[in-house]
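Have a look at the structure that comes next, please.
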Amino acid sequence: MDFTFTFLRLFFWALYLASPLVLFLVLTIVALGQWVGRLEKWRRFDALYWSFITATTVGYGDIRPTRRLSKVLSVAIALTGILFTGLFVALALHTATMAFAEHVDMGAVQEIKERF
């Protein structure tokens, strides 16, 4: 349980430090999504929903752009979403590594590795 608390503490600290970048990526996704929504004449919430579904590369297909510029912007949203997701994965991996180093006896791990 100590490992979990250490991981969460370090993860939220790293997220706090990366918050300017996270905020920039989120605002970019929202702004591009609203732009596409205006071009496609969607309601604001539908544009917001579509932009985050596109950014996370889920892409249900219930709402889709039909104009050429909207399609180009959807690619930009998807690429921004990949950066957004990759940032969270990188923060989680780094945090798990730091928490692991803090809570695991490396001598015991080395002994287990030598057995196999």
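The values are calculated or read from the model by the stated rules, or taken from the named source; none is laboratory data. Since we're looking at a predicted model, the values are computed, not measured. Please note: Cβ atoms are built from the backbone with ideal geometry, for glycine as well, and neighbour counts cover all protein chains shown.
Checking the condition aliphatic (A, V, I, L, M), modelled with pLDDT of 95 or more, buried (at least 17 other Cβ atoms within 10 Å of the Cβ) and under 15 Å from the mean Cα position of the chain (by Cα), which residue from 29, 82 passes? Talk me through it step by step, then tell me what you get.
Details: 82 fails: buried (at least 17 other Cβ atoms within 10 Å of the Cβ).
Testing whether each residue is aliphatic (A, V, I, L, M), modelled with pLDDT of 95 or more, buried (at least 17 other Cβ atoms within 10 Å of the Cβ) and under 15 Å from the mean Cα position of the chain (by Cα) leaves just 29.
Let me ask something else. Name the residue, out of 55, 47, that is crowded, with 17+ Cβ neighbours inside 10 Å, among the hydrophobic types (A, V, I, L, M, F, W, C) and more than 21 Å from residue 88 (Cβ to Cβ). Even if it seems obvious, please write down each step before you answer.
Numbers: 55 fails: more than 21 Å from residue 88 (Cβ to Cβ).
Sole residue among the options that is crowded, with 17+ Cβ neighbours inside 10 Å, among the hydrophobic types (A, V, I, L, M, F, W, C) and more than 21 Å from residue 88 (Cβ to Cβ): 47.
Next up: Specify the residue that is surrounded by the fewest Cβ atoms within 10 Å (Cβ to Cβ); the eligible residues are those in region 95-116 that are touching a residue at least 60 places away in the same chain (Cβ under 8 Å) and farther than 15 Å from residue 1 by Cα.
Ranking the qualifying residues of region 95-116, first place goes to 98.
If you go through region 13-25, how many residues are in a helix (DSSP H, G or I), over 10 Å from residue 98 (Cβ atoms), of a type outside the set (Ser, Thr, Tyr) and within 14 Å of the chain's Cα centre (by Cα)?
The number of residues fulfilling the criteria is 7.
Is it true that residue 42 is crowded, with 16+ Cβ neighbours inside 10 Å, of a type in the set (Phe, Trp, Tyr) and either modelled with pLDDT under 95 or in a helix (DSSP H, G or I) (or both)?
Values: crowded, with 16+ Cβ neighbours inside 10 Å: yes; of a type in the set (Phe, Trp, Tyr): yes; either modelled with pLDDT under 95 or in a helix (DSSP H, G or I) (or both): no.
No: the conditions fail for residue 42.
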